[in-house]
1. Suppose we filter the stretch 36-81 for residues that are farther than 21 Å from Ala95 by Cβ, without any contact (Cβ under 8 Å) to a residue 24 or more places away in the chain and of a type outside the set (Ser, Thr, Tyr); how many remain?
2. Return the total of residues in the stretch 47-59 being more than 11 Å from Arg124 (Cβ to Cβ) and either surrounded by 16 or more Cβ atoms within 10 Å (Cβ to Cβ) or in contact with a Gly (Cβ under 7 Å, 6 or more places away or on another chain) (or both).
3. Is there a residue in the stretch 95-107 that is exposed (fewer than 14 other Cβ atoms within 10 Å of the Cβ), over 13 Å from the mean Cα position of the chain (by Cα) and closer than 21 Å to Gly18 by Cβ?
4. Restricting to the stretch 26-53, what's the tally of residues that are at pLDDT 95 or above and either among the hydrophobic types (A, V, I, L, M, F, W, C) or outside any helix (DSSP H, G or I) (or both)?
5. Which ones in the stretch 11-33 are surrounded by 18 or more Cβ atoms within 10 Å (Cβ to Cβ) and over 16 Å from Ala106 (Cα atoms)?
6. Please go through the stretch 6-31 and pick out each residue that is within 12 Å of the chain's Cα centre (by Cα) and of a type in the set (A, V, I, L, M).
Amino acid sequence: MTQKPSFAFIAASWIAFGTGLIGYFTGIFGNQNLQLSEKGYYFTVIMFGLFSVISVQKSVRDKLEGIPVTDLYYGISWFCTILSISLLVIGLWNANMWGSEKGFFAFSFVLALFGVIAIQKNTRDAISKEKPF
């Protein structure tokens, strides 16, 4: 049985997502040493990561609720999540940045991913309380 999410958890989810995304974009667009191609790379990685973790969350939730999910979609969702994280790690490993800048990118990325997963969960929980499947 799913409970409706509390206002505090909904607010914390949005704050985590917003803080992570704003921090990440500040790192991309506030860093004058990054070339345009690097900015595009990091932008694509965050967008790919956000989409893939939402897909994983939805697939896992659907499976738990007995909604059919193809193994192919489920596997691709996990693969893309792992790939987006790997691309960020590879990009940061090879980046010409201070360690603190790399950490800033990594923590902002993880915070944004956590926030968007929690937002998706909250949305799904709120909808499932209004209209049961």
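1. Matching residues across the stretch 36-81 total 13.
2. Of the residues in that region, 8 qualify.
3. yes
4. Qualifying residue count, the stretch 26-53: 8.
5. Ser13
6. Correct list: Ala16, Leu21.
Here's the yes/no breakdown for (1) among the small types (Gly, Ala, Ser); (2) in contact with a helix residue (DSSP H, G or I) (Cβ under 8 Å, 6 or more places away or on another chain); (3) modelled with pLDDT of 95 or more; (4) over 20 Å from Phe29 (Cα atoms):
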position	(1), (2), (3), (4)
Ile90	no, no, yes, no
Gly99	yes, no, no, no
Leu111	no, yes, yes, no
Lys121	no, yes, no, yes
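The values are calculated or read from the model by the stated rules, or taken from the named source; none is laboratory data. Small disclaimer: the values here were computed from a predicted structure and weren't measured. For neighbour counting, all protein chains shown are included, and Cβ atoms are generated from backbone atoms with ideal geometry for every residue, glycine included.
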